[in-house]
Amino acid sequence: KAGVTQTPRYLIKTRGQQVTLSCSPISGHRSVSWYQQTPGQGLQFLFEYFSETQRNKGNFPGRFSGRQFSNSRSEMNVSTLELGDSALYLCASSLVVSLGGSYNEQFFGPGTRLTVL
Amino acid sequence: AQTVTQSQPEMSVQEAETVTLSCTYDTSESNYYLFWYKQPPSRQMILVIRQEAYKQQNATENRFSVNFQKAAKSFSLKISDSQLGDTAMYFCAFMKHLLDSGGSNYKLTFGKGTLLTVNP
């Protein structure tokens, strides 16, 4: 079974531009989460989607947004890029269990390295 | 809100030796999961081991084991017989129990990580 894929793997943008990153979860996985990884702040949760709905959101400005499609693929968008948005953006997918079920592992993709100049 | 602290930014160990990575956390939850993730230089984050807070028995996965002290809110990772391939950044992470969040919480709270280098 193919793992989580993220495209593109590397991206260079300039301040003020916007960017869209894509994540394709493992087949059958319906939850997709996004994380930002920087040397200073470490790994921080951005948001999580399930059934095309955002269920959880981290403490990031409104410039960061996302969406999920009916096939569970997800995109995140960052508008008006700032230098501080330079980071590795990780996507993770997971099966979703019904209430009372056990934990399902989150599988991470390789990440998209975004550099803002 | 939960916090996860890893007090050792970097560690090194000789091949075949044992090393312990420390992690402490703070939460008011009684049910939760704790994890150790490994991120090798290739950047793919991999789950190493998982502990459910209601289980007193420490989790073990081959050469990896944890020392879970719930009262002390401590969750350390022991790597036995260290191998060169263990060289990576190791992250301790916390997740609220799914049942306590209505089955909808998939948010991981990570520590800042410990860079482990295994030397030949």
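The values are calculated or read from the model by the stated rules, or taken from the named source; none is laboratory data. All of these numbers come straight from a predicted model, not from anything done at the bench. Every residue, glycine as well, gets a Cβ built from its backbone with ideal geometry; the counts of neighbours run over all protein chains shown.
Residues that are polar (S, T, N, Q) and either at pLDDT below 95 or part of a loop (DSSP other than H, G, I, E, B) (or both) within region B:45-68 comprise B:GLN51, B:GLN56, B:GLN57, B:ASN58, B:THR60, B:ASN62, listed in sequence order. One residue stands out among those in region B:8-44 that are modelled with pLDDT of 95 or more and of a type in the set (Gly, Ala, Ser): the one that is surrounded by the most Cβ atoms within 10 Å (Cβ to Cβ), which is B:SER22. A single entry from B:ASN62, B:ASN67, B:ASN58 fulfils the requirement of being over 30 Å from A:VAL96 (Cβ atoms) and away from chain A (no Cβ under 12 Å): B:ASN67. The condition of being under 19 Å from A:GLY109 (Cα atoms) and either part of a strand (DSSP E or B) or within 11 Å of chain B (Cβ to nearest Cβ) (or both) holds for A:ASN77. No other residue among B:ALA88, B:ALA93 is under 10 Å from the mean Cα position of the chain (by Cα), modelled with pLDDT of 95 or more, within 19 Å of A:LEU90 (Cα to Cα) and surrounded by 19 or more Cβ atoms within 10 Å (Cβ to Cβ) apart from B:ALA93. Residues considered: B:ASP26, B:ASP86. Of these, the only one that is in contact with a Leu (Cβ under 8 Å, 6 or more places away or on another chain), touching a residue at least 24 places away in the same chain (Cβ under 8 Å), more than 9 Å from chain A (Cβ to nearest Cβ) and of a type in the set (Asp, Glu) is B:ASP86.
Could you identify the single residue in A:VAL116, A:VAL4, A:VAL32 that is at pLDDT 90 or above, under 30 Å from B:PRO9 (Cα atoms) and touching a helix residue (DSSP H, G or I) at 6+ places or on another chain (Cβ under 8 Å)? Step by step, each of A:VAL116, A:VAL4, A:VAL32 is checked, and only A:VAL116 is at pLDDT 90 or above, under 30 Å from B:PRO9 (Cα atoms) and touching a helix residue (DSSP H, G or I) at 6+ places or on another chain (Cβ under 8 Å).
Only one of the numbered conditions (1) part of a strand (DSSP E or B); (2) of a type outside the set (Lys, Arg); (3) within 25 Å of B:GLY111 (Cα to Cα) is violated by A:THR20, and that is (3). Inclusion of B:LEU77 among residues that are assigned to a strand (DSSP E or B) and in contact with a helix residue (DSSP H, G or I) (Cβ under 7 Å, 6 or more places away or on another chain) is not warranted. Quickly run through region B:1-40 and pick out the residues that are under 21 Å from B:TYR106 (Cα atoms), of a type in the set (A, V, I, L, M, F, W, C) and in a strand (DSSP E or B). B:VAL4, B:LEU34, B:PHE35, B:TRP36, listed by residue number.
Filtering region A:30-52 to residues that are of a type in the set (S, T, N, Q), more than 9 Å from chain B (Cβ to nearest Cβ) and surrounded by 19 or more Cβ atoms within 10 Å (Cβ to Cβ) leaves only A:GLN36.
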